[in-house]
Amino acid sequence: MEMNILSRNGWRVAGLGLLAGVMALLAFVAPTGLWAAGDTVIVNGDFENGTSDWKCKLCNLDTGSPAQSGAAAQMTTTRTSGRAQLMQNNITLQPNTTYELKFWAQSNQGEDLQVTLLKQTSPYTNYGIKPQNFNVTQSGQEFTITFTTTGFSQPVSNARLRFRADKGKGKVYSIDSVSLAATDGEPPPPPPPSEEQNEILIFNRGSKSQPFSVTKSMSGFIMDQPPTGAANANWVTGQYAGFADGTVYYRARIISIPQNQPGMKLGFCFWENKFVNEECRGQVINGIPGTEMTWSHKLDDMWVKSPINWANPRTKHGFIVRNAKNDPVSAKKGWNWNGENPDHWYPMEIHYTAVLVKTGGEPDWTKYGW
């Protein structure tokens with residue numbers, strides 16, 4: 001009996017010693033403020049707990065639908081001037097770390113939504129996401145930003161994620177599935193052009209096998225923010241020097257349209273400094289199924305509202321559907337479809353591509369689904 005008791009006590013001592021060793025090892029390897037790749041630092045990013053942990057400035061905030069899943073934040077702007085802001089404070093971030101921000105957004109009017117990550121108190125240092133605009137559609141979509149934290153050298157818990165609406169009263173945004181998580185990798189840099197590169201894909205919608213559907217909800221404006229990289233680079237100097245003197249080539253194919261629209265025009269536009277600087281160029285292409293057309297013009301040969309500096313990033317680009325009178329087939333800006341019946345135009349199935357080519361070159365259309 002005495003031997004058995006001593007044996008049990010011995011195992012207890014050994015077990016306690018092992019536990020102490022494990023705890024000591026964890027204390028040694030675990031940094032202050034445990035975090036791991038893939039763990040979101042956003043609280044209530046799915047809004048299933050109502051609006052807790054979120055603040056709304058110049059707006060009313062509720063939850064409901066539309067949503068990507070369950071409930072979403074419903075932000076309604078309340079001021080004609082000023083821009084409504086949905087934000088979360090007290091976010092913890094690690095220095096010099098790659099993160100991925102994901103969110104789903106929808107707008108009742110197809111408005112822009114600006115996203116920023118910054119310090120929540122003065123001097124409001126940027127923490128890795130400078131103000132970045134997203135073209136939010138009426139149907140809703142998911143967005144992703146990959147970035148590396150900056151502006152601090154030690155872990156912080158004073159970061160603010162801010163969603164900022166366009167100006168105007170009564171605009172409604174739905175925001176859902178917000179996550180901000182560290183990743184294991186570095187953010188992918190824009191691919192540098194090879195020495196032989198002489199073309200840049202600016203814009204593409206659809207392909208031969210999967211056409212793009214221009215719906216009535218788009219109101220004739222098929223545009224978005226240019227992607228990071230060559231399509232929105234400095235085309236005057238640096239690695240993309242020479243493209244500002246190049247030629248824009250377009251190719252479009254009409255797959256289907258509710259009613260034939262001879263004399264239809266597709267006008268491509270670039271916007272800089274929001275919509276202050278604008279340059280556009282249109283082309284007649286009959287809105288009849290089976291029509292396919294290729295055309296081109298020099299980048300500096302466009303209608304100019306206010307000149308664009310091609311060394312600066314553009315705010316948006318895209319094409320506009322116009323009738324034979326050159327009026328947008330759109331309900332935006334009070335146009336009320338400019339006398340057209342939108343059901344005779346939309347949905348329109350189309351494949352549309354725009355490529356910028358250096359002087360003397362021609363695009364390789366096979367790269368873009370042609």
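The values are calculated or read from the model by the stated rules, or taken from the named source; none is laboratory data. Note that the structure is predicted; figures quoted are calculated from it, not measured. Glycine also receives a Cβ, built like all others from the backbone with ideal geometry; neighbour counts cover every protein chain displayed.
So that you can scan it fast, the table gives a plain yes or no per residue for (1) modelled with pLDDT of 85 or more; (2) at positive phi; (3) touching a helix residue (DSSP H, G or I) at 6+ places or on another chain (Cβ under 7 Å):
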residue: Glu100; (1), (2), (3): yes, no, no
residue: Gln106; (1), (2), (3): yes, no, no
residue: Glu111; (1), (2), (3): no, no, no
residue: Val115; (1), (2), (3): yes, no, no
residue: Tyr124; (1), (2), (3): yes, yes, no
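Against the conditions (1) modelled with pLDDT under 90; (2) buried (at least 18 other Cβ atoms within 10 Å of the Cβ), Ser219 satisfies every one except (1). Ser296 fulfils the conditions (1) buried (at least 16 other Cβ atoms within 10 Å of the Cβ); (2) within 27 Å of Thr137 (Cα to Cα) except for a single criterion, (2). Any chance region 292-312 includes a residue that's over 24 Å from Pro227 (Cα atoms) and among the hydrophobic types (A, V, I, L, M, F, W, C)? The answer is yes; a qualifying residue exists. In region 339-358, the qualifying residues are those that are in contact (Cβ under 8 Å) with a residue 40 or more places away in the chain and of a type in the set (Asp, Glu), and the one that is farthest from Val329 (Cα to Cα) is Glu349. Each residue in region 291-315 was checked for being within 28 Å of Asp112 (Cβ to Cβ) and of a type in the set (D, E, K, R), and 3 pass. Against the conditions (1) buried (at least 17 other Cβ atoms within 10 Å of the Cβ); (2) more than 30 Å from Thr215 (Cβ to Cβ); (3) in the same structural domain as Asn133 (by TED's automatic domain parsing), Ala72 satisfies every one except (2).
Checked against the criterion of being modelled with pLDDT of 90 or more and touching an Asp or Glu at 6+ places or on another chain (Cβ under 9 Å), region 48-62 has at least one qualifying residue.
Within region 295-307, track down each residue that is assigned to a loop (DSSP other than H, G, I, E, B) and out of contact with any Lys or Arg (no Cβ under 7 Å at 6 or more places or on another chain).
Residues of region 295-307 assigned to a loop (DSSP other than H, G, I, E, B): 299-302, 307.
The answer is Leu299, Asp300, Asp301, Pro307.
All conditions but one from (1) out of contact with any His (no Cβ under 8 Å at 6 or more places or on another chain); (2) not in a strand (DSSP E or B) apply to Gln259; the one that does not is (1).
One residue stands out among those in region 343-363 that are among the hydroxyl-bearing types (Ser, Thr, Tyr) and part of a loop (DSSP other than H, G, I, E, B): the one that is modelled with the lowest pLDDT, which is Thr359. The residues of region 90-116 that are over 12 Å from Phe163 (Cβ atoms) and in a strand (DSSP E or B), listed by number, are Asn90, Ile91, Thr92, Leu93, Thr98, Tyr99, Glu100, Lys102, Gln106.
Within region 249-277, the residues that satisfy the criterion of being of a type outside the set (Phe, Trp, Tyr), crowded, with 20+ Cβ neighbours inside 10 Å and within 15 Å of Ile320 (Cβ to Cβ) are Ala252, Gln261, Met264, Lys265, Leu266, Cys269. Evaluate the following for Ile308: is it free of Cβ contacts under 8 Å to residues at least 40 places away in the same chain and surrounded by 20 or more Cβ atoms within 10 Å (Cβ to Cβ)? For Ile308, the condition - free of Cβ contacts under 8 Å to residues at least 40 places away in the same chain and surrounded by 20 or more Cβ atoms within 10 Å (Cβ to Cβ) - is met.
The number of residues in region 55-88 that are closer than 14 Å to Trp104 by Cα, polar (S, T, N, Q) and in a loop (DSSP other than H, G, I, E, B) comes to 3.
Filtering Val321, Val357 for residues that are over 27 Å from Val136 (Cβ atoms) and surrounded by 14 or more Cβ atoms within 10 Å (Cβ to Cβ) leaves a single hit, Val357. Would you pick out the residues in region 247-292 that are hydroxyl-bearing (Ser, Thr, Tyr) and either touching a Gly at 6+ places or on another chain (Cβ under 9 Å) or without any contact (Cβ under 8 Å) to a residue 24 or more places away in the chain (or both)? Scanning region 247-292 gives a single hit, Thr247. Please indicate, with yes or no, whether at least one residue in region 96-104 is in contact (Cβ under 8 Å) with a residue 60 or more places away in the chain, acidic (Asp, Glu), surrounded by 16 or more Cβ atoms within 10 Å (Cβ to Cβ) and not assigned by TED's automatic domain parsing to the domain that holds Thr315. Looking for residues that are in contact (Cβ under 8 Å) with a residue 60 or more places away in the chain, acidic (Asp, Glu), surrounded by 16 or more Cβ atoms within 10 Å (Cβ to Cβ) and not assigned by TED's automatic domain parsing to the domain that holds Thr315, one finds at least one in region 96-104, hence yes.
Of all residues in region 146-188, those that are at pLDDT below 90 and aliphatic (A, V, I, L, M) total 0. Condition (residue is out of contact with any Leu (no Cβ under 8 Å at 6 or more places or on another chain), over 16 Å from Cys269 (Cα atoms) and not polar (S, T, N, Q)) applied to region 315-323: is it met by at least one residue? Within region 315-323, none of the residues are out of contact with any Leu (no Cβ under 8 Å at 6 or more places or on another chain), over 16 Å from Cys269 (Cα atoms) and not polar (S, T, N, Q).
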